Every structure is written in C-alpha cells, then in structure tokens.
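Structure first, commentary second.
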Amino acid sequence: MKIALMDSGIGLLAATAAVRRLRPDADLILSLDPDGMPWGPRTPEDLTGRALDVAEAAAAHRPDALIVGCNTATVHALPALRARHEPGLPVVGTVPAIKPAAAGGGPLAIWATPATTGSAYQRGLIRDYADGVPVTEVPCHGLAEAVEHADESAIDAAVAAAAALTPPEVTTVVLGCTHYELVGERIRAAVQRPGRPPLVLHGSAGAVAAQALRRVGAAPAPDAAPDGTLTVLLSGREGALPAAALAYAEGRLLRTATPAR
C-alpha cells in the first residue's frame, strides 16, 4: 500500500505520523512545495495551481490515496484536486475537528490562521456542527510560520498571544491548522487554567489517516512489519525531509523509516 500526502511545508507531519502508526508497512510519499510556500497568503487561484502541481508530482508515484495535509489547501483546492484525480486516486481533505469538539459541549475555542479565522468556510462549519455551543475563534498570528521553521522563541510568543485571546472558561481547543498539532502539548500548557478540568485538544490527523485507509479498503495494522518506505518530493524534486521536521516527534518518527526503493 502506498499513501501520498501533500502540503506546502511540514504541516503534513502530524497526518503522516498517524498513517505510519496505523500502517508501518505502508510506503509514504510526501510532496511539499518549498518553492511556493507559504500557501496561506496566496490567492485561491494561485494556491490551487500550486496544489495541483504538488499533487501531480505525488500522483506520478502511483499512490493508492492522496491526503491533503493542509486546512487552507483543502478549503480552496480540494474540488479541483478531486476533479483532476478521482475516482482513480481517492483524495482526502483535512477539516478542523469542530464536529467532535462540539459534541463534548464546550465552551470551545478554534485556533486557526488569521486568514481562516472568521472566514465563511469556518463560520459554516460552526453553524453546521456547533450550533448552540459557545465558540471563540482565535487568530494565531505567526504560529504556523514559527512551527514551520522550528523557531522556538517565535512559537512561544505566538502560543502565548493566542492563549491570551482564549477565554478562561474554554474546556476544548480545536487545532484548526495542521502545523498546530506539532506543538499541541505547548498549546495545552498555555491554555490550561489552574483548578479547571483537563483541557481537551482536537486535531485532525488521526481522523484523516483513518479516512485514507477506509478509502483504499485497508484496515489498520499497527503491528505490521515496519518496512514502509519514505519518498520526499520538494516542488517535484526528490529530496529529504526539511531539517526543521526533526525538531518534532512526528518528524523523528519518519526518520526511522527505510529509504525509498
């Protein structure tokens, strides 16, 4: 089995690690776009063009499924990606875990990029899945960029700034950007209030990995032989994981994978 994941940068690491844990025997193709990152400030049309190119590079390796490991790319490019590649290649998008978070009651906060916060897309998810639940949208200025570059001081500053915007009564935080899952425990520590119930974090990586397996008709097999290979594409060129990936447990997990055959 071969699973491809795409993003402009290392935000796809959380979903990649989730796939690796569920199927350590799966061959993984990571298609990144260092030449075009970040995607967030681009127009929807420009971003869609970049995403189509990155997906095309991954598709050339004939994967069984393609995961769009980026919330922003899912919002703007998923229809075009599915029109280009399905039904031959199932394409799985990444959606903020607002539905399961709201099922827990709340109040909840959604941490997302400034571009996503307050967007019609996010407001639609809140309306559809969190009606009647107190929701605070928290713009996280600079956090995705800090995580992308493993800039420790910038991560601390961005997390602290977002935590200051998060109401003290919040019991649940939705991580609305895939980069944020890489620093989830730092977010938990910043938001957790003394004397309050343990903060619940909701990311998307586990659900996205499970959905990709369902789309290809494969069951989880976490005890399978860990012989899956890893191929990294950098704007279409074969390369290595960015050095910043190794600052995170998810990236170090992939370093143990065998090289591509």
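The values are calculated or read from the model by the stated rules, or taken from the named source; none is laboratory data. Remember, it's a predicted structure, so these values are computed and weren't measured experimentally. Note: ideal-geometry Cβ built from the backbone for every residue, glycine included; neighbour counts use all protein chains shown. Note: accessible area is taken over every heavy atom of the protein model, side chains too, but ligands, DNA and RNA are not part of it. Shrake-Rupley method; radii C 1.70, N 1.55, O 1.52, S 1.80 Å.
The table that follows gives values for the structure above.
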read-out: Residue list for the range 107-124, restricted to those being open to solvent by 20 Å² or more (accessible area, probe 1.4 Å) and not in a loop (DSSP other than H, G, I, E, B); value: Ala120, Tyr121, Arg123
read-out: Residue within the range 194-212 that is out of contact with any Lys or Arg (no Cβ under 8 Å at 6 or more places or on another chain), within 27 Å of Ala60 (Cβ to Cβ), in a loop (DSSP other than H, G, I, E, B) and open to solvent by 50 Å² or more (accessible area, probe 1.4 Å) present; value: no
read-out: Single match in Val75, Val95 (criterion: touching a Phe, Trp or Tyr at 6+ places or on another chain (Cβ under 6 Å) and either open to solvent by 20 Å² or more (accessible area, probe 1.4 Å) or of a type in the set (D, E, K, R) (or both)); value: Val75
read-out: Looking only at the range 134-147, and only at residues there that are free of Cβ contacts under 8 Å to residues at least 60 places away in the same chain and open to solvent by 30 Å² or more (accessible area, probe 1.4 Å), the one that is nearest to Pro38 (Cα to Cα); value: Gly142
read-out: In the range 229-243, the residues that are surrounded by fewer than 19 Cβ atoms within 10 Å (Cβ to Cβ), in a strand (DSSP E or B) and not hydrophobic (A, V, I, L, M, F, W, C); value: Thr229, Arg237, Glu238, Gly239
read-out: Extreme residue, modelled with the highest pLDDT, among residues of the range 65-92 that are among the small types (Gly, Ala, Ser) and within 18 Å of the chain's Cα centre (by Cα); value: Ala65
read-out: Evaluation of Gly9 against (1) modelled with pLDDT of 95 or more; (2) among the small types (Gly, Ala, Ser); (3) in contact with a helix residue (DSSP H, G or I) (Cβ under 6 Å, 6 or more places away or on another chain) (one fails), failing number; value: (1)
read-out: Close pairs from the range 75-103: first within 17 Å of Val174 (Cα to Cα), partner of a type in the set (A, V, I, L, M) and part of a loop (DSSP other than H, G, I, E, B), Cβ under 6 Å, at least 6 apart; value: Ile98/Ala130; Ala102/Ala130; Ala102/Val133
read-out: Residues of the range 1-48 that turn out to be open to solvent by 10 Å² or more (accessible area, probe 1.4 Å) and farther than 16 Å from Glu148 by Cβ, as a count; value: 15
read-out: Residues (in a loop (DSSP other than H, G, I, E, B) and open to solvent by 20 Å² or more (accessible area, probe 1.4 Å)) located in the range 148-180; value: His149, Ala150, Asp151, Leu165, Pro167, Pro168, Glu169, Thr171
